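J.: I am attaching a structure below and will ask some questions about it afterwards.
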Amino acid sequence: MRGDARDGVFLKGRVVASVGDITRQDVDAIVNAANGSLLGGGGVDGAIHAAGGPAILAACRELRRTAFPGGLPSGEAVMTTGGLLPAKYVIHTVGPVYGTHQGREAPLLASCYQRSIALAHEHRLGTIAFPAISTGAFGYPHEEAARVASKAISLALRDAPGIQEVRLVFYSPRDLAVFLEHQVLGAG
């Protein structure tokens, strides 16, 4: 893929930003902007659980029972089946609620992207799609989130040579435009 930052293509085609539906991405894994309960919710989380069917919820319940009885902490990532989604897997990550982490929001948001990419790489996945984590109900300002996310993705890809493509899937053209204006990935 060729292009430049204006086209939403970065890092020699390894990162592609576009508008779309995260639940329809034909990639190895999609990332769920989950809440700590892992049991579904609104926004992206609810859409992924609804489109993916009961297998995702069952896998999340098992994670809560065995590994995260108190819920998944912000900045962490875990993987489940993709259920009925085109993606084989869902990587669930809990972004920070803006203004509630004593100034640690940026490192926690960066960790969501970095840990998700590391988990995909660890499982030998080649393609992964992200929504704009924490920018909805969790209130993270889009401009700041673009800078944090793009820097985190760039750093994470250095240690994940097997990841061929990271898709950043935005809900609206406006969200994409804000990302393109404030990202720090550089041209592709």
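We did not get these values from a lab; they are worked out from the coordinates using the rules stated. Because the structure is predicted, anything quoted here is derived from the model rather than measured. Glycine gets a Cβ as well: all are built from the backbone with ideal geometry, and neighbour counts include every protein chain shown.
J.: Which whole-number percentage describes the relative contact order of the chain, with Cα contacts under 8 Å and a sequence gap of 6 or more?
T.: Computed value for the chain: 30 percent relative contact order.
J.: Another question about this same structure. Would you kindly give the portion of the calculated P(r) for the stretch 26-146 that falls above 20 Å, as a percent of all Cα pairs?
T.: I get 37 percent for the Cα pairs in the stretch 26-146 exceeding 20 Å.
J.: Okay, which of the stretch 17-51 sit inside 12 Å, backbone N to the point 7 Å along the Cα-Cβ direction of residue 144?
T.: Within reach of a label on residue 144: no residues.
J.: Net charge near residue 131: determine it from the other residues with C-beta under 13 Å of the C-beta of residue 131, scoring Lys and Arg +1 and Asp and Glu -1.
T.: Within the 13 Å Cβ shell, the charges total -1.
J.: How big is the charge dipole of the chain about its Cα centre, in debye rounded to the nearest 20, if each Lys and Arg gets +1 on its Cβ and each Asp and Glu gets -1 on its Cβ?
T.: 260
J.: Continuing with this model, one more query. Specify whether the C-alpha gyration tensor of the stretch 29-99 places it in the rounded, prolate or oblate class, a ≥ b ≥ c being the square roots of the eigenvalues: rounded for a/c under 1.5, otherwise prolate if a/b is larger than b/c and oblate if not.
T.: oblate
J.: Can I ask one more? Quick one: Cα centre-to-centre distance for the stretch 109-141 and the stretch 80-99, in angstrom?
T.: 8
J.: Additional query: Among DSSP beta bridges whose residues both lie in the stretch 5-182, state the antiparallel percentage, nearest 5.
T.: 30
J.: Another question about this same structure. Which one of 169, 136, 80 is farthest out on the positive end of the charge dipole of the chain, using unit charges on Cβ (Lys, Arg +1; Asp, Glu -1) and the Cα centre as origin?
T.: 80
J.: Compute the distribution of all C-alpha to C-alpha distances in the stretch 87-188, in bins of 5 Å from 0, and list the percent of pairs in each, rounded to whole numbers.
T.: Going out from 0 Å in 5 Å bins, the stretch 87-188 shows 2, 13, 25, 25, 20, 12, 3, 0 percent.
J.: Express in nm, to one decimal, how much length is gained between residue 66 and residue 21 on full extension, taking 0.36 nm for each residue of separation and deducting their alpha carbon distance.
T.: Gain on stretching residue 66 to residue 21: 13.1 nm.
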